[in-house]
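One structure is given here, and the rest of the page talks about it.
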Amino acid sequence: MIFVGEGALLWRAVRHTLDSGLPVDLVCGPAVDGASAVASGVRFLAAADVNAVAGELAAACTDGLVWSVNNRMIFRAPVLSTGLRVLNVHHGPLPAYRGMPEVALVYAMLGGEPQFAATLHRVDEGIDTGPVLASEPYPIGAEEPYHVVMRRGLQVCHRLFERCLPLVAADPDWPGEPAPSPGARGGGYFGRSALGRLSRYREHPRFARATDLGFLAGYLPELAEALA
Amino acid sequence: MPDIAQAAVVARGRTEEVRALCAFVVLAQGVTAFDEAAVRAELARSLPPHLVPTVVRVLPALPETASGKTDRKALPDPFDAATVGAVDSPVDSPGGSPGGAERRRAGSDAGADRAVAAVTAEIWSRVLRCEAAGLDASSDFHALGGDSLAVLEMLSALGEELLGGSAERRLLDRLGPLSGELTLGRVVAAVNVVRSEA
């Protein structure tokens, strides 16, 4: 298996895979994550664009599987043409909330969504448009601030990975679970344009709660800057 | 809730006048992570607000009477300050607190600082899954295996259990960079300063 992504969620997934006795052929991500690779004892390939190293990924992969976890790089034709099966752990219910999870969650809370979700889906040419394999919804408390909900969502993402890993390992062509994706009131694609529009909602009654980054402010600099 | 194998709810005195519902749960086999706020949020979807427990605490097992029923009187009191104060602090007096906190505080303030150190160490042990007794002021969060998500969990628990709302920014400012050395003594000192400024 190959892992593409960055940060604590990625490395928790890598460690869990190793602890499960499953192979980690390669981890690909920003150079800053190289130190974590040393600690985990896995081969690391630094890349700013995963598509630029498609050949290396294909050559290293022993089972045809690529996990995308907390990954901001977009898979395109070079990787998607290699025959590798790329699975993405997306923080958000699909197909409703696509794009940057930290932005999508703000809009979900502004819209009064009672729940959000982690979703495992197969990666295709679009952004978060591939077929859904599994999802795990979680509640958004009526009075909870953003940082509490986001922290819960990150934990649910890892839990979803832990649950699906053995299923995918046992059957690389695992078709997924029959359970439907959780419904949502709103949704759409939430990228940098949506990030830039957030300031328009300052008078929204839920704005303070939906943008209370708390301790997350240091980890979400783009969002913090957009809200400043 | 599939993560919870057993649960019991009792009322405990939050203050002399106010009683609050306290839930005690035993996690299902194999479950290691517990999100107290998520449980409360889930309950809030089906219960009126006054029936949602104020606190939810994990126990290894529910105490039982001789006849095998849950012994509700033997369940702990989460609001019992004496219990917290009685916990031996594994953290030496942090000292060296900058600003106004450098002033020596005696009597009850020193006792409160020890309680803060004990609660902080307990939070670390919970997040890092290590023994609180093995921690001291020089213990480093990252060296003990804590990643950025664990830092968030730890800070959030500090905010909920020791600081209250709106203190996050002041604690972050006081702590400085979170990716560098993050010792227990440094965190306890920062918490004490923020509390003294409140």
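Please state the charge dipole magnitude for segment A:65-223, taken about the Cα centre, from unit charges on C-beta atoms (+1 on K and R, -1 on D and E), reported in debye and rounded to the nearest 20.
It works out to roughly 380 debye.
Set the Förster radius R0 to 56 Å, insert the Cβ-Cβ distance between B:L47 and A:E56 as r into 1/(1 + (r/R0)^6), and round the FRET efficiency to 0.05.
Here the calculated transfer efficiency is 0.55.
From other protein chains only, count the Cβ atoms within 10 Å of every residue's Cβ in B:168-178, then give the mean.
Whole-number average of other-chain Cβ neighbours for B:168-178 is 2.
Sequence gap at least 6, Cα distance under 8 Å: using those rules, report the relative contact order of segment B:136-198 to the nearest whole percent.
Relative contact order, segment B:136-198: 52 percent.
Show the residues, 5+ positions off or on another chain, whose built amide H is closer than 5 Å to the amide H of A:S135.
Amide H neighbours of A:S135: A:L120.
Using +1 at the C-beta of Lys and Arg and -1 at the C-beta of Asp and Glu, which of A:P30, A:M150, B:L135 has the Cα lying farthest in the positive direction of the dipole of the protein assembly as shown?
Farthest towards the positive end: A:M150.
Where in chain A are the DSSP H helices whose C-alpha atoms run 27 Å or more along the long axis and whose mean Kyte hydropathy is at least -1.0?
Answer set is A:146-170.
I'd like the mean, over residues of B:146-154, of how many other protein chain beta carbons sit within 10 Å of each residue's own Cβ.
Neighbouring Cβ atoms belonging to other protein chains average 5 per residue here.
Calculate the dipole size of segment A:136-228 relative to its Cα centre from +1 charges on Lys and Arg beta carbons and -1 charges on Asp and Glu beta carbons; express the result in debye to the nearest 20.
420
Taking the full set of protein chains and a 1.4 angstrom probe, give the accessible area of B:I123 in square angstrom, rounded to the nearest 10.
0
About the Cα centre of the protein assembly as shown, how large is the charge dipole given +1 on each Lys and Arg Cβ and -1 on each Asp and Glu Cβ? Please answer in debye to the nearest 20.
Result for the protein assembly as shown is approximately 840 debye, rounded to the nearest 20.
Give the average, rounded to an integer, of partner chain Cβ atoms located within 10 angstrom of each Cβ in A:138-145.
Per-residue shielding by partner chains comes out at 5.
Could you give P(r) for chain A, binned at 10 Å from zero, as whole percent values over all Cα-Cα pairs?
Here the calculated profile for chain A is 8, 33, 36, 19, 4, 0.
May I ask you to derive the relative contact order of segment A:138-217, considering only C-alpha pairs under 8 Å and at least 6 residues apart, and to give it as an integer percent?
59
Can you give the calculated 222 nm mean residue ellipticity of chain A, where each DSSP H run of n ≥ 4 adds -39,500 (n - 2.57) and the sum is split over every residue, rounded to the nearest 500 deg cm²/dmol?
For chain A, the value works out to -10500 deg cm²/dmol.
Given R₀ = 22 Å, FRET efficiency for A:E177-A:I127 by Cβ-Cβ distance, to 0.05?
E(calc), rounded to 0.05, equals 0.45.
Over chain A, calculate the relative contact order: mean separation of alpha carbon pairs under 8 Å at least 6 apart, over the residue count, as a percent.
18
I'd like the interface area for chains A and B: accessible area of each alone minus the complex, both sides summed, 1.4 Å probe, protein heavy atoms only. What is it in Å² to the nearest 100?
1900
The values are calculated or read from the model by the stated rules, or taken from the named source; none is laboratory data. Keep in mind the model is a prediction, meaning the values are calculated, not measured. Neighbour counts run over all protein chains shown; Cβ positions are idealised from the backbone, glycine included. The area values use the complete protein model at the heavy-atom level, side chains included, leaving out ligands, DNA and RNA. Shrake-Rupley method; radii C 1.70, N 1.55, O 1.52, S 1.80 Å.
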